[in-house]
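The values are calculated or read from the model by the stated rules, or taken from the named source; none is laboratory data. Given the structure is predicted, the values throughout are model-derived calculations rather than measurements. Heads up, the Cβs are rebuilt from the backbone with ideal geometry, glycines too, and the neighbour counts pull from every protein chain shown. Areas reflect the complete protein model, heavy atoms only, side chains present, ligands, DNA and RNA absent. Shrake-Rupley method; radii C 1.70, N 1.55, O 1.52, S 1.80 Å.
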Amino acid sequence: MSGLLITFEGGEGAGKSTQIPLLADHLKKCGFEVVVTREPGGSPGAEAVRHVILSGAAETYGPAMEALLFAAARSDHIDQKIRPALDAGQIVLCDRFIDSSRVYQGISGNLDQQFMQSVERITVAGTLPDLTFILDIPAEKGLARAGLRRGDEAADRFEKETIATHEARRQAFLAIARAEPQRCKVIDADRPVEMISAEIAALTDALLQSCEVTANG
Ligand code: T5A
């Protein structure tokens, strides 16, 4: 029995954490078992690494070090949480995954593509997303949303970077979607929440109809 891995990607404040519970509710109502998780984090070991990365403690050691820390967190997350859920036939909804490393470390960090590809291959060991939603929004609007949600808290390691960097990341996510149109669906995230969730639910339903994951209820 094999479940489905659905990942949500995109820039800061694009609405990933807003949309994931809505899709989870939809799928549960249809009788599926759903696991909601996030990166960096999702397992005790990976959550410990999350704190190190997002506090900026590793920034000074450069993007290769950060890429390896994200990979270490991902490896633990996959082993401890994602793969067992998939083996049990569940649907895993993950807030960020490999595409965030490709974009934030690979492109923004200007790391060698062969290095990034090797690290990714070893880290995921065959556990790849079946479907990826790339929530697309102009960087300035996404950052404004993230700022509103954060309130008085300080911006994290990545949020504090320039608009130009965030806009370049947006373009890098769109380039991944163009390169892998089968897996990646670009969602216009600059719309009302309900309109976005309806599109995401419809695309997920279409995938479920074409594969062997079945509802329990
Ligand atoms: N990272 C991560 C890497 O560099 N490499 C990696 O490999 C990985 C996995 C993680 C950081 O780590 C980096 C990327 C990130 O910088 P995080 O704290 O987990 O950071 O946060 P993010 O994933 O960036 O998520 P955010 O919380 O910033 O944004 P979301 O989840 O996309 O947005 P969300 O849903 O929280 O919404 C933000 C605000 O907007 C509102 C919400 O209510 C909320 O207030 N909102 C809307 N408002 C109007 N219309 C809509 N349609 C809205 N949708 C949401």
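Output yes when any residue across segment 17-33 is surrounded by fewer than 23 Cβ atoms within 10 Å (Cβ to Cβ) and either more than 22 Å from Leu86 (Cβ to Cβ) or in contact with a Pro (Cβ under 7 Å, 6 or more places away or on another chain) (or both), and no when none is.
There is at least one residue in segment 17-33 that is surrounded by fewer than 23 Cβ atoms within 10 Å (Cβ to Cβ) and either more than 22 Å from Leu86 (Cβ to Cβ) or in contact with a Pro (Cβ under 7 Å, 6 or more places away or on another chain) (or both).
Looking only at segment 139-160, which residues are near the ligand (Cβ under 10 Å from one of its atoms), among the small types (Gly, Ala, Ser), closer than 22 Å to Gly109 by Cβ and assigned to a loop (DSSP other than H, G, I, E, B)?
If the condition is that a residue be near the ligand (Cβ under 10 Å from one of its atoms), among the small types (Gly, Ala, Ser), closer than 22 Å to Gly109 by Cβ and assigned to a loop (DSSP other than H, G, I, E, B), then Ala155 is the only one that fits.
Output the number of the condition that Ile91 fails; it satisfies all remaining conditions of (1) touching a Phe, Trp or Tyr at 6+ places or on another chain (Cβ under 7 Å); (2) open to solvent by less than 20 Å² (accessible area, probe 1.4 Å); (3) within 14 Å of the ligand (Cβ to nearest atom).
Of (1) touching a Phe, Trp or Tyr at 6+ places or on another chain (Cβ under 7 Å); (2) open to solvent by less than 20 Å² (accessible area, probe 1.4 Å); (3) within 14 Å of the ligand (Cβ to nearest atom), only one is false for Ile91: (3).
Just to be sure I understand the filter: pairs with C-beta atoms under 6 Å, separated by 6 or more residues or on different chains, first member in segment 23-48 and among the aromatic types (Phe, Trp, Tyr), second member assigned to a loop (DSSP other than H, G, I, E, B) and away from the ligand (no atom under 16 Å from the Cβ). Which pairs pass?
Within 6 Å, the pairs are Phe32/Ala215.
Return yes when Leu5 is under 22 Å from Ala206 (Cβ atoms) and either assigned to a helix (DSSP H, G or I) or among the polar types (S, T, N, Q) (or both) and no when it is not. Let's see the steps before the verdict.
Values: under 22 Å from Ala206 (Cβ atoms): yes; either assigned to a helix (DSSP H, G or I) or among the polar types (S, T, N, Q) (or both): no.
No.
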